[in-house]
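Notes for the one structure printed next.
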Amino acid sequence: MIKLPLMIGIFLLPLVAQADGFSAAAGEEFWNRTFVDTGSGQERRCASCHTSDPRQGGKHAKTGKPIAPMAPSVNPERLTDNRKIAKWFKRNCKWTLGRECTPREQGDLLAFLRSR
Ligand code: HEC
């Protein structure tokens, strides 16, 4: 009988993990969502510099400099260095949204990018 709670726990774990987990679909929606910069009235998206397909190379919206693809499937160096990820999340979210991304937004975005 001691095994019953354990079995229920094992059964429930995937459900809980899913409820807690991040969504690649939400991340994709966020990646393409348009934010309007209050100062300039300019429309900004993650996709402005990275394009809507992370497997494609992007182009910096301000400087025109090329940006290598974000998807680990075509660019295995991507999303391997947590400090780099945190640094660019901070900078790019501030530029795009006018604020930092929340932990949920970051998790959804990473789930989206890692799925590509
Ligand atoms: C103004 C242009 C621009 C916008 C808009 C932009 N990025 Fe970036 N992003 C860059 C540049 C430049 C780099 C660093 C150059 C590189 O690594 O190729 C970078 C790098 C990153 C990285 C680092 C990935 C790694 O492991 O190498 C992540 C993650 C990232 N961007 C996510 C985002 C997200 C999420 C958004 C939207 C909130 C966004 N970016 C919007 C220009 C931009």
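The values are calculated or read from the model by the stated rules, or taken from the named source; none is laboratory data. From a predicted model like this one, the values you see are computed outputs, not experimental measurements. Reconstructed Cβ throughout: ideal geometry from the backbone, glycine too, with neighbour counts over all protein chains shown.
Scan region 68-87 and give yes if some residue there is part of a helix (DSSP H, G or I) and farther than 28 Å from Gly39 by Cβ, otherwise no.
Just the residues of region 68-87 that are part of a helix (DSSP H, G or I), to begin with: 82-87.
Those left that are additionally farther than 28 Å from Gly39 by Cβ: 82-83.
Yes, region 68-87 contains at least one residue that is part of a helix (DSSP H, G or I) and farther than 28 Å from Gly39 by Cβ.
Is it the case that Ile8 is more than 16 Å from the chain's Cα centre (by Cα) and modelled with pLDDT of 95 or more? Let's see the steps before the verdict.
Values: more than 16 Å from the chain's Cα centre (by Cα): yes; modelled with pLDDT of 95 or more: no.
Considered against the rule, which asks whether it is more than 16 Å from the chain's Cα centre (by Cα) and modelled with pLDDT of 95 or more, Ile8 comes out as no.
Take the residues in region 60-98 that are on the phi < 0 side of the Ramachandran plot and in contact with a helix residue (DSSP H, G or I) (Cβ under 7 Å, 6 or more places away or on another chain), then tell me which one is surrounded by the most Cβ atoms within 10 Å (Cβ to Cβ). Full working, then the answer.
Initial filter on region 60-98 (on the phi < 0 side of the Ramachandran plot): 60-63, 65-78, 80-97.
Pick out the ones that are also in contact with a helix residue (DSSP H, G or I) (Cβ under 7 Å, 6 or more places away or on another chain) and you get 60-61, 67, 70-72, 89.
Numbers: His60: 12, Ala61: 16, Ile67: 15, Met70: 25, Ala71: 19, Pro72: 17, Phe89: 16.
The residue in question is Met70.
Given the residues Val36, Val74, which is the only one that is closer than 26 Å to Gly21 by Cβ, over 16 Å from the mean Cα position of the chain (by Cα), at pLDDT 95 or above and more than 10 Å from the ligand (Cβ to nearest atom)?
Numbers: Val36 fails: closer than 26 Å to Gly21 by Cβ.
Only one candidate passes the filter, namely Val74.
So which residues in region 26-50 are in a loop (DSSP other than H, G, I, E, B) and crowded, with 19+ Cβ neighbours inside 10 Å? Outline the logic, then answer.
First, the residues of region 26-50 that are in a loop (DSSP other than H, G, I, E, B): 32-34, 37-42, 45-46.
Passing the criteria: only Cys46.
Is there any pair with a first residue in region 90-115 that is without any contact (Cβ under 8 Å) to a residue 40 or more places away in the chain and over 24 Å from Asn75 (Cβ atoms) and a second that is assigned to a helix (DSSP H, G or I) and within 7 Å of the ligand (Cβ to nearest atom) whose Cβ atoms are under 6 Å apart and which are 6 or more apart or on different chains, and what are they?
Matching pairs, first to second residue: Glu100/Cys93.
List every residue pair whose Cβ atoms sit under 7 Å apart, with the two residues 6 or more apart in sequence or on different chains, where the first one lies in region 53-71 and is more than 8 Å from the ligand (Cβ to nearest atom) and the second, anywhere, is part of a loop (DSSP other than H, G, I, E, B) and aliphatic (A, V, I, L, M).
Once the first residue is more than 8 Å from the ligand (Cβ to nearest atom) and sits in region 53-71, its partners that are part of a loop (DSSP other than H, G, I, E, B) and aliphatic (A, V, I, L, M) give Pro54/Met70; Pro54/Ala71; Arg55/Ala71; Arg55/Val74; Gly57/Ala68.
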